[in-house]
Amino acid sequence: GGMLSVGFASLGTVLGFLSLFGGREGPHSLRVVPAPTLSLPTKMALKGNLMNSENSTTNWLLSSRLAFPRRNHDCVVQGDHMISFGGRFGSDLESMNLFTGKITTAPGPLEIHHFLSVVVDSLDVIGEKEIWITCGYLEGGGVDKEGVSLKNVVIINPQTLSIREGPKIPQELSVSACGSLAVTIEANQPPHICVFGGSVGTHDKGTFKDGIGCYDRLNKQWNTTILGRLPVVADHLNIAHIPRDTCGEGSPEKFILINYRSSSYGESPPLVFSIDLFRDAQGTLRPHAKGWESIGEVNPTSAAEIKVFGKYIFTFGGINHFKVNKTRMHKGEEFVNAFDVVQMSSTVKSYEM
């Protein structure tokens, strides 16, 4: 199992990683890779929407393959480029032009996987973005040899495909397979980078956490108490931030915990949890005193990707582990699921993957 949207191991990559975090900053050399071709019966048009020649969204295809096979990685779309990074078996950064299929690559860190990245506006260069990675497994040389969790934030510049070391992560937040969001904690200040849950140890035998911590980029400090704790220990999780007024005029902001596991290879709980948020007299975001509450159920899954659109949380993919006659089995999720935060109900959408 692994994060759908998430994501180090030869001697060369190890040395590259050490030199990266030895204080050297600045752009790496970029390499342009010709767009690989696909042997498809029809060429997919990629203009605004992902469509095949019949203008159907039933085929989930890009016009070109990634330069490197990888999984448990993450990617973000910036303008007309998709930037992929991290993951098992893939340490290089790559930026694909979604219209031409041309790929540009640059050296990345060691294989880091099982993370969710956060995109924020740079505080150093006006108009630029930054991608923050705040958790993840550092690969120890093979799929089943995860080492320690990430100790320092990794920051990617998507404009130049360069990487730098970010702030040190507090020991209680040095985890893998966490949830991560950019959250405006202080009114009229840049968003903080927040880490939710995760696990410590290896993928198969980790210790599960319920902590929440946020990094104040303006004052360069962590706060590990301001948002309290999760209602359960969880990794491979998703956290949705629901804006004010979504559930009706005057309704509060919310965090919603969805799609997670609470034990190694344990069945994913279907329960969805929510907590109301408010701002105190100083404009600081706080969790409501009533705490987290269960608000519904979804198809049990973890290691999924979510997107919030209006009142819906759409879940893409994921995996669920279960036992049949004491035999451990797993099943990947094939459909896009939608959870209605107003009606507190889940429906399966017919967008098969």
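Applying the selection to segment 307-329, what residues are part of a loop (DSSP other than H, G, I, E, B) and open to solvent by 60 Å² or more (accessible area, probe 1.4 Å)? The answer is K311, N325, K326. For beta carbons closer than 8 Å, sequence separation of 6+ or different chains, a first residue in segment 181-194 that is farther than 11 Å from L218 by Cα and at pLDDT 95 or above and a second that is open to solvent by 40 Å² or more (accessible area, probe 1.4 Å) and of a type in the set (V, I, T), the qualifying pairs are A182/V119. Within the set of pairs 6 or more residues apart or between chains, which connect a residue that is acidic (D, E) inside segment 231-248 to a residue that is open to solvent by 40 Å² or more (accessible area, probe 1.4 Å) with Cβ atoms less than 6 Å apart? Pairs found: none. Just to be sure, is W222 in contact with a Gly (Cβ under 7 Å, 6 or more places away or on another chain) and at pLDDT 95 or above? Yes, satisfied. The criterion of at least 3 residues that are surrounded by fewer than 17 Cβ atoms within 10 Å (Cβ to Cβ) is met by none of the strands (runs of 3 or more DSSP E) wholly inside segment 167-230. Just so you know, in segment 249-273 the residues that are among the small types (G, A, S) and open to solvent by 30 Å² or more (accessible area, probe 1.4 Å) include one that is modelled with the highest pLDDT, and it is G250. Evaluation of F208 against the conditions (1) in contact with a Gly (Cβ under 7 Å, 6 or more places away or on another chain); (2) at pLDDT below 95; (3) among the hydrophobic types (A, V, I, L, M, F, W, C) shows that the sole unmet condition is (1).
Against the definition (aromatic (F, W, Y) and within 18 Å of P243 (Cβ to Cβ)), how does Y312 come out, yes or no? Yes: the conditions hold for Y312. Summed over segment 285-319, residues that are at positive phi and over 15 Å from the mean Cα position of the chain (by Cα) total 3.
The values are calculated or read from the model by the stated rules, or taken from the named source; none is laboratory data. This one's a predicted model, so the numbers in the text were calculated from it and none came from an experiment. Methodologically, a virtual Cβ is constructed for each residue, glycine included, from the backbone with ideal geometry; neighbour enumeration extends over all protein chains shown. In case anyone asks, the SASA skips ligands and DNA or RNA and just uses the protein heavy atoms, side chains included. Shrake-Rupley method; radii C 1.70, N 1.55, O 1.52, S 1.80 Å.
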